[in-house]
Amino acid sequence: MVKRFFQEYWVRMLIGLSISTVLYIVYLVIKSGWTEIVTQCDACFFAGVICFGVGCLALVANLGGFNIFSYLKGRRKQDNGLKEDYYTYSKRKEEERSEDRIAFLAYFIAATPHLLTSLILFIIIS
């Protein structure tokens, strides 16, 4: 299962890690704190929390939390020309997402190095 997870979601993990690394660098450039350990700790925490937040949003979306917004966008039509009610639309989307239930974990895994680095730096500072 772990091998299959990494084979299917390695792109998401790579994108999450890349975005969080870019956020880390941008935070350091804005704060001009390449040499200060406190600023590096803050930058790691900021990047990790943003990536973790994206993972939380992916989890909520996967559980159907944003179905109402996509349903209202176009009031989907069925093949016979009738408009699909929300319950039918919600069940159809749930079936489509049933095989991607653990996709949000890729963002959590990508956030882990930054959060662990932040924790280690925080322990060193204290």
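Of all residues in the range 9-47, how many are among the aliphatic types (A, V, I, L, M) and within 19 Å of Leu57 (Cα to Cα)? Result for the range 9-47: 8. The number of residues in the range 33-48 that are buried (at least 17 other Cβ atoms within 10 Å of the Cβ) and either under 16 Å from Leu105 (Cα atoms) or acidic (Asp, Glu) (or both) comes to 2.
Please work out if Leu115 is touching a residue at least 60 places away in the same chain (Cβ under 8 Å) and either under 28 Å from Lys3 (Cβ atoms) or not aliphatic (A, V, I, L, M) (or both). Criteria met by Leu115. Consider Arg92 carefully, then state whether it is touching a helix residue (DSSP H, G or I) at 6+ places or on another chain (Cβ under 8 Å) and of a type in the set (Lys, Arg). Against the criterion (touching a helix residue (DSSP H, G or I) at 6+ places or on another chain (Cβ under 8 Å) and of a type in the set (Lys, Arg)), Arg92 does not qualify. What about Leu105, is it within 22 Å of the chain's Cα centre (by Cα) and either among the charged types (D, E, K, R) or loosely packed, with under 13 Cβ neighbours inside 10 Å (or both)? No: the conditions fail for Leu105. Elements of the type helices (runs of 4 or more DSSP H) sitting completely within the range 20-126 and holding at least 3 residues that are hydroxyl-bearing (Ser, Thr, Tyr): these cover 86-97, 105-125. Within the range 41-65, residues that are on the phi > 0 side of the Ramachandran plot sit with their Cβ atoms under 8 Å from residues that are in a helix (DSSP H, G or I), at 6+ positions apart or across chains, in these pairs: Gly64/Ser90; Gly64/Lys93; Gly64/Glu94; Gly64/Arg97.
Read-outs: derived from the displayed coordinates by stated rules, not from any lab. Keep in mind it's a predicted model, so treat the numbers as computed, not measured. Quick reminder, even Gly has a Cβ in these numbers, built from the backbone with ideal geometry, and neighbours come from all protein chains shown.
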